[in-house]
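Since the structure comes first, as structure tokens, the remarks are kept for the end.
The values are calculated or read from the model by the stated rules, or taken from the named source; none is laboratory data. Being a predicted model, the structure only gives us computed values, none of them experimental. All Cβ positions, glycine included, derive from the backbone under ideal geometry; neighbour counts span all protein chains shown. What goes into the accessible areas is simple: the full protein's heavy atoms, side chains included, and nothing from ligands, DNA or RNA. Shrake-Rupley method; radii C 1.70, N 1.55, O 1.52, S 1.80 Å.
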Amino acid sequence: FIQDFTKAMSQAGSSQFQEVIRQELEYSMKVELDKILATAHSNEIEHTKKDLEGFKKLFHRFLQEKGPSVDWGKIQRPPEDSIQPYEKIKARGLPDNIASVLNKLVVVKLNGGLGTSMGCKGPKSLIGVRNENTFLDLTVQQIEHLNKSYNTDVPLVLMNSFNTDDDTKKILQKYSHSRVKIYTFNQSRYPRINKETLLPIAKDVSYSGENTECWYPPGHGDIYASFYNSGLLDNLIAEGKEYIFVSNIDNLGATVDLYILNHLMNPPNGKRCEFVMEVTNKTRADVKGGTLTQYENKLRLVEIAQVPKAHVDEFKSVSKFKIFNTNNLWIALSAIKRLQEKNAIDMEIIVNPKTLDGGLNVIQLETAVGAAIKSFENSLGINVPRSRFLPVKTTSDLLLVMSNLYSLNAGSLTMSEKREFPTVPLVKLSFSFTKVQDYLRRFESIPDMLELDHLTVSGDVTFGKNVSLKGTVIIIANHGDRIDIPAGALLENKIVSGNLRILDH
């Protein structure tokens, strides 16, 4: 009895104890943030205050929530009509007045990321991906082509981060004569926190020099608050704009789709959707992508980080969860304004652990833009072709988009008609190719890949001009060896290993 009594007392006490700890942490955080704010110049105070207020809310929720944020038992398959096949949307055709529909659209690109994972300095959007064109060049070309073709005025909005804002603004001058109005606004700037103490590692507001690692942009879920706070949301609504099409700037498949836009503006049942998420069928390569489920009678995006450990394998199963989120989203501007003013946008917190250069373990609290789907009315998923999801995260992806698998027309990449099947080859380049400059040095020209199924390259390998790759090709240079694929070589269903120099032929 005494043991049971002690256990019951300790359990009752532990929840009270946890509450006391939480309150102490929040108080300590407030003290530290006030100290940081006190270092701001007068012209920075308003902006910094907004950022730190937003961070405080996120930190409060982080302390309240424990464990995975979904109850696995409540997850259900989405109802049939809540995810529509793209073919059905396309079959409705287009109205005669497509220009008037286009004039209500704004294209928003998420441009907060740096090219560090590919060994580049500066914004990722300024990496050259095709014929010297960068991601940003291709985006501007696409929208300019739309505006010229339909005599419309679709603007481009870039959500920058404090990491990308200066470099992006410098480069925007080169588009001053293009037929696209370009606006920018900045994501918030939040303090990284020490994993042990749960306090900010920043001591003042500056974010240059040794302070660069103290701050981070808090994920693309920050778009709603930042867009609203920038004043740009209200300006665009005043201009008669009704929807934004949001996508990652490194997804080269995310072009404006007139059929989806028409479905939004002229819904078949007369009831407009406030939020549309483009999803596409999973392959084995996409097992970690977030998926759409039905949860408490709402469409809900579930990410792998929210899944209880015991169910991760089930979540990754291609047979149970067949689709994943492409992060191509269509959202009503009026709905963003309404929900933002009511503080009613609910997104799960993503806790992103990082180790800084000096070895310090920190965490950054983030949110994802698609997670807000459950806060909007009449949401819809559209199952789009895989061609609308063409992200370039690595040099392996870069090889695909630079190759003859794709042709480029007015900023848009389309799969070559000469490719006999619609899937892209699986390409795995080893760490010798990770950095863009190393990758470019190893290819004298991009190989012919029209008939390629699978390519694995490992070790010190270079490719001469006009190489053709077909079927399954595996090239492995062992440690200390080097393989030079000679100019004009045809490799079809070949495994090449060992030490092969051009001089040996």
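Listing for the model above:
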read-out: Sequence-distant aspartates and glutamates (8 or more away, or on other chains) whose Cα lies within less than 20 Å of residue 169; value: 44, 132, 137, 144, 250
read-out: Solvent-accessible area per residue, Å², over the chain with all protein chains present [probe radius 1.4 Å]; value: 49
read-out: Net charge over other residues, Cβ less than 14 angstrom from the Cβ of residue 419 (K, R count +1; D, E count -1); value: -2
read-out: Interchain or long-range residues, amide H under 5 Å from residue 157's placed H; value: 107, 108, 109, 183
read-out: Reach of residue 271 by Cα under 22 Å, taken over lysines that are not fewer than 8 positions away in the same chain; value: 88, 90, 104, 241, 298, 337, 374
read-out: Trypsin sites (Lys or Arg not before Pro) within the stretch 197-303, DSSP loop, no more than 15 other Cβ atoms inside 10 Å; value: 203, 271, 288
read-out: Calculated diffusion of the chain, Stokes-Einstein form, Kirkwood radius summed over Cα pairs, 37 °C and 0.692 mPa s, µm²/s; value: 130
read-out: Centre separation in Å (Cα based) which lies between the stretch 368-382 and the stretch 151-193; value: 25
read-out: Convex hull volume of the stretch 395-497 per residue (C-alpha atoms, cubic angstrom); value: 93
read-out: Residues whose placed amide H lies under 5 Å from that of residue 190, excluding near-sequence neighbours; value: 216
read-out: Geometric extent, Cα atoms of the stretch 36-88 - Rg, Dmax (angstrom); value: 20.9, 57
read-out: Over the chain, relative contact order from alpha-carbon pairs under 8 Å, at least 6 apart, %; value: 15
read-out: Mean residue ellipticity (222 nm) of the chain, computed from DSSP H runs ≥ 4 via -39,500 (n - 2.57), nearest 500; value: -8500 deg cm²/dmol
